Each structure stands twice: as C-alpha cells, then as structure tokens.
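Let me begin by presenting the structure, written as structure tokens, before commenting on it.
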Amino acid sequence: MFRKSVDHPSSFFANFLRQCGGCAVIDGGLATELERHGADLNDPLWSAKCLISSPHLIRRVHLDYLEAGANIIISASYQATLQGFEAKGISREEGEALLEKSVKIACEARDIYYDRAMKGSLDISGDGVTPIHRPVLVAASVGSYGAYLADGSEYSGIYGENIGLETLKDFHRRRVQVLADSGADLIAFETIPNKLEAKAYAELLEEEDMNIPAWFSFACKDGTNVVSGDSIQDCASIADSCEQVVGVGINCTPPRYVHELIQSIRTVTTKPIVIYPNSGETYDANTKEWVPSTGVKDVDFVSYVAKWREAGASLIGGCCRTTPNTIRAISKAL
Ligand SMILES: C[S+](C)CC[C@H](N)C(=O)O
Ligand SMILES: N[C@@H](CCS)C(=O)O
Ligand SMILES: [Zn+2]
C-alpha cells in the first residue's frame, strides 16, 4: 500500500515500482487516441479542449490504456493552462476546475478499472478474499510553456530572450499548485524542451513546498541533447538535485535516440528512468498533424523495450502516435 503523504517521495515510488515487479508500464498517446476516436484537436488548447467538449472520451481512452496493461495513466492537462483557458474567455475559477477535472476523470477511469478487475479476479487466500489488481497511479500532466504557445515550441525549446526563469515560474505556479492538490499521485512534467524550464519546475516544487512526487521528462533531438540543444546530462542533473523528483527521463522523442539517452542519464542520476517515446514521426504545428514518412512502426518500437530495460529504464510507455496496442505489446514484453 502506498502512503503518499507519509512516505518520502522516493520510497513511495520505490514501493510502487516493486509492486509492479521492478518495471512499470506507462500509458500511450492520449491526444492520439482522442483524435482516433473523432476529436478535432486543431485548437490552441489541443487535447485540453476535450476537458470541455468530451470528458467521456478522455475517460474511455484512460480505460483503454488500463485494459492494455498501463500502471500509470497521465491526465489530459498537458495543454490545459489557466492562461490558455483565459484566452478562451474561461475564468480563472473555471480554469482551475478544469485542471481538477482532468485528474478526476483519470481517477474515475481507475475506479472503474479496479471495480471490473475486482469482479473478474478474487484471491481466496488464508486471510479471506483479497482483490488482486495491478497497482495504478494517476499522473497529472504539465506540458511546457512551449505547449501553451500551441506552435510546436516544445520541439524547439526556443522561447526568446524575454522568457526567463521567473517568467516561467510565474507562468506555471498556480497551475502546478492546483494539480498538486487535485488528488493525483504525482506530476508528470512532460516534453520539457530546455534546461531553463527544468530549473523553473525544480524551483517551484521546492519553494512552494509542494507535497507531491514528480517526474521530469525531456523531449530530445538526438542521443545527447534535448531539443533546444542543452545537454541531457545538464537537464537530468537538475532533476536529480530536486528532492520531490522520483523519476527522470525522455518522452515524445524518436525511439532510435533512446538507448544512448538512457546511458547519458544514468551517468548523472540513480533515480528511476522514465521512457515513453513517440512513434518517430515529425509534428507539423501548422497543420497540427504528424508527418508519417519517418515513422517507426509499433513492432519496431516494441522490439527496443528489452534493451531499454537492460540499459536501466524502469518505467516504459509511449507518447504521441502510440496506441493501446503499443502499450499492450510493451506490457507483454516486460
Ligand atoms: C506534443 S505536441 C504534438 C502538442 C501540440 C502542440 N503544442 C500544438 O498546440 O500544436
Ligand atoms: N500526455 C500527452 C503528451 C503529449 S507530448 C499526450 O499523450 O497527449
Ligand atoms: Zn508526445
């Protein structure tokens, strides 16, 4: 049993990983699945638009990932920001409620999944009837400032000279506080494109005394650098020195770079390594579509998993353009 509020963040997470057998399965692309089910995400809010228009669909996608074997589901708050909502005429209060709603939907999916699992399998052991189910955590997604810009800046990490550390901290502060108090088990700082934003998150977690574990996950452009050109070792070191950070890794990055990236990260931290790459395709922010030419198919993607595990990854899943089939295959491979 996890005791998030009592245990040190790292022992809470170590217990969780132990219960998962040493390696946890993360879900796959959320927006990808929302689109596959017919959602139109051509909007500045991208997947966060569904918090308003189709929360039932988000719940359904979370459930599909749980049925596929995920131990961690990530909320639909990647591009949900108070500033983005305000630009749509949504008040601060309503915006905060939408952030909370993203976590509530994921928790509801977990409850439904647990209910079904409990009906399906009971362990009649010495001390009575004990339900058996996989441990499942809900991670609240925090996308970068670049995600809010809605122009694909999370894949360049270039925010310009006007955006400094304090601006980024001010931008994220209230949103992170709301998500930290939302009932989520941890915060997934995802698709981080540069060192500056990692530093902003680390300082926010420490200065605001946020009582929630977190992982930092970077978008990378090759085997040694995050998309801005900052080195992955520098970025991972920032994550390593923050006490609330229980995992460090890579997401929304082509699978072909991941092995080398894991090796680099291992040189600077002993924290669990989180890996959830995309399909290897390229995002066109103008059309908000993925260019399929260089895509790595599910079968190729999954064939890397054992090597990533061997290299030191202990949480593995998928990001954009991966599906429940990818996650089912990863779950089997592990
Ligand atoms: C991770 S990217 C595919 C998210 C969408 C992007 N921020 C956009 O709005 O175009
Ligand atoms: N959690 C987000 C990440 C986008 S890079 C999603 O899966 O849509
Ligand atoms: Zn992604």
- Note on the chain, DSSP bridge orientation, antiparallel percent to nearest 5 equals 25
- Sites E166 and N211, calculated FRET efficiency, Cβ-Cβ separation with R0 22 Å, nearest 0.05: 0.40
- Task: Report the relative contact order of the range 1-87, percent, no decimals, based on alpha-carbon pairs under 8 angstrom and at least 6 residues apart.
- Result: 32
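Mean separation of Cα pairs under 8 Å and 6+ residues apart, divided by the residue count of the chain: what relative contact order is that in percent?
Computed value for the chain: 20 percent relative contact order.
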- Task: May I ask which residue of L45, S10, Q79 lies farthest towards the positive end of the charge dipole of the chain, with charges of +1 (Lys, Arg) and -1 (Asp, Glu) on Cβ and the Cα centre as origin?
- Result: S10
- Query: What is the magnitude of the charge dipole of the chain about its Cα centre, with +1 placed on the Cβ of each Lys and Arg, -1 on the Cβ of each Asp and Glu, and no other charges, expressed in debye to the nearest 20?
  - Reply: 940
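Can you order the peptides 325-331, 314-320 by their average number of other Cβ atoms within 10 Å per residue, highest first?
314-320, 325-331
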- What list do you get for V291, V227, V268, V142 if you sort them by fewest beta carbons within 10 Å? V291, V268, V227, V142
- Note on the structure: Kirkwood Rh for the chain from C-alpha pairs, in Å, is 19.6
- Message: Nothing charged except the Cβ atoms of Lys and Arg (+1) and of Asp and Glu (-1): what's the magnitude of the dipole of the range 20-79 about its Cα centre? Round to the nearest 20 debye.
- Response: 120
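Computed from the coordinates by the stated procedures, all read-outs in this text should not be read as laboratory data. Here the structure is a predicted model, which is why all the values come from computation and not from measurement. Every residue, glycine as well, gets a Cβ built from its backbone with ideal geometry; the counts of neighbours run over all protein chains shown.
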